[in-house]
Amino acid sequence: MTSHWSRRSFIAAGAILPFATRADAAETIDGRAFRGTRPVNDVGMEGGTAIHATTGMRIRNSTFDDFGNGAIRVAAGGADRVVIEDCGGSNFYRFFENSTVEGGPAAPITNFVFRRIVAQKIDRGMFQLKYDSRNGQFEDCIAYGSDDGARYCVGFAMVDNARDMYFRRCEAHRFAEVARTQSQYWNGDGFSDERSNAGIHYHACIATQNADGGFDTKSTGVLLSECLARGNKRNYRLWNTGRLEHCRSETPVKRGGIGGTAHFSFHGGAGSRYVISRPYVRAVSGNTSPVFLFETTAPVVVDIYDADIKAYSAPLIVVNGPEPVINWYPARKDQRIFVKSERG
């Protein structure tokens, strides 16, 4: 599934355009190349913005390099029906942003489609959506973190009241903070959403080699189906309510800082409940990451259906806090679970 971006894939000819061009006035932008002012290996937010997206705008077959907090930003006041497809680029603080200056009008984005976008060397994030943004589709978008990961870097981030977002076959790789000490918690997530978000769906998405969560989800009623998390510290971090269907977790890896590894880790407080149907777990020999780690402030309820787990060096369950309620369907003894111990 993963493929590396190539300029040739997106633009056949044409000169590089300076970031200050008035491309934001066009309804359709097709086959253009934009370059900002962000130096390679810079860690700041500066670098300019190529396009301020407005209602009905379509951005296609274009490249963006060396931009700051948003190569593409939503115009003040918001935008509807924006389409961005078959684009790529490198060296960003963020690829797409819809924050406005303090005191400025909100800039929600609604009824949009982002598809086949590949961005590399990202310091903070590929997409951040906030305000009352809603009804968005992300398809086949791939994000690669940089070697200079900023604090709280995330590949795909939903905040504020963003809702009804659908991620299909999207990928986030190598998002990791670099300025933390070993005595601090290292952040860096592939996908994240917050408690104020709702209607978030991840289908066939992939998160690998992130310093914290592959999928770090706090929203209500989240749905993850056919997803893969590999080599993150905690492959799935679950804080609220939702359902996971046939999701894969493979060999968690700790890259630094405090806090241990886990395949599925549960956090948060009262009312937390998840259904995990057909989880597929694999770990290399010697990997001691618990399959299910519970660090909640109130008992979480988890229904587990038809597990397929092979983690021969690890405990099945570790509890640091209130005892969870775990319901097995069928009974625990009738599921395909091979671990070192039941409890760690």
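Among the residues of the stretch 140-158, write down those that are aromatic (Phe, Trp, Tyr) and either in contact with a helix residue (DSSP H, G or I) (Cβ under 7 Å, 6 or more places away or on another chain) or in a loop (DSSP other than H, G, I, E, B) (or both).
Within the stretch 140-158, the first condition is being aromatic (Phe, Trp, Tyr), and the residues that meet it are 144, 152, 156.
TYR152 - this is the single residue of the stretch 140-158 that is aromatic (Phe, Trp, Tyr) and either in contact with a helix residue (DSSP H, G or I) (Cβ under 7 Å, 6 or more places away or on another chain) or in a loop (DSSP other than H, G, I, E, B) (or both).
So is ASP140 more than 13 Å from GLY68 (Cα to Cα), touching a residue at least 60 places away in the same chain (Cβ under 8 Å) and surrounded by fewer than 24 Cβ atoms within 10 Å (Cβ to Cβ) or not? Lay out the reasoning, then the answer.
Working: more than 13 Å from GLY68 (Cα to Cα): yes; touching a residue at least 60 places away in the same chain (Cβ under 8 Å): no; surrounded by fewer than 24 Cβ atoms within 10 Å (Cβ to Cβ): yes.
So ASP140 does not fit the description; no.
Restricting to the stretch 292-344, give me the number of residues that are of a type in the set (A, V, I, L, M, F, W, C), over 18 Å from SER272 (Cβ atoms) and open to solvent by less than 20 Å² (accessible area, probe 1.4 Å).
Qualifying residue count for the region: 6.
May I ask you to list the residues in the stretch 44-72 that are surrounded by fewer than 23 Cβ atoms within 10 Å (Cβ to Cβ), in a strand (DSSP E or B) and among the charged types (D, E, K, R)?
ARG58, ARG60, ASP66
When the stretch 185-221 is examined, which residues are found to be closer than 11 Å to PHE175 by Cβ and in a loop (DSSP other than H, G, I, E, B)?
TRP186, ASN187, GLY188, GLN209, ASN210, ALA211, ASP212
This table checks each residue for (1) modelled with pLDDT of 95 or more; (2) among the polar types (S, T, N, Q).
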| site | (1), (2) |
| --- | --- |
| ARG94 | yes, no |
| THR100 | no, yes |
| GLY103 | no, no |
| THR110 | yes, yes |
| GLY125 | yes, no |
| ASN135 | yes, yes |
| ASP140 | yes, no |
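Looking only at the stretch 226-244, count how many residues are open to solvent by 10 Å² or more (accessible area, probe 1.4 Å), touching a Lys or Arg at 6+ places or on another chain (Cβ under 7 Å) and either more than 21 Å from ARG195 (Cβ to Cβ) or part of a loop (DSSP other than H, G, I, E, B) (or both).
Total meeting the criteria: 3.
What about ASN161, is it of a type in the set (S, T, N, Q), open to solvent by 20 Å² or more (accessible area, probe 1.4 Å) and part of a loop (DSSP other than H, G, I, E, B)?
Against the criterion (of a type in the set (S, T, N, Q), open to solvent by 20 Å² or more (accessible area, probe 1.4 Å) and part of a loop (DSSP other than H, G, I, E, B)), ASN161 qualifies.
Show the residue pairs that are 6+ apart or on different chains and have beta-carbon atoms under 8 Å apart, the first residue being within the stretch 26-40 and over 14 Å from ILE72 (Cα atoms) and open to solvent by 70 Å² or more (accessible area, probe 1.4 Å), the second being in a strand (DSSP E or B) and among the polar types (S, T, N, Q).
VAL40/ASN91
The values are calculated or read from the model by the stated rules, or taken from the named source; none is laboratory data. Small disclaimer: the values here were computed from a predicted structure and weren't measured. Quick reminder, even Gly has a Cβ in these numbers, built from the backbone with ideal geometry, and neighbours come from all protein chains shown. Just the protein is used for accessible areas: all its heavy atoms, side chains included, with ligands, DNA and RNA removed. Shrake-Rupley method; radii C 1.70, N 1.55, O 1.52, S 1.80 Å.
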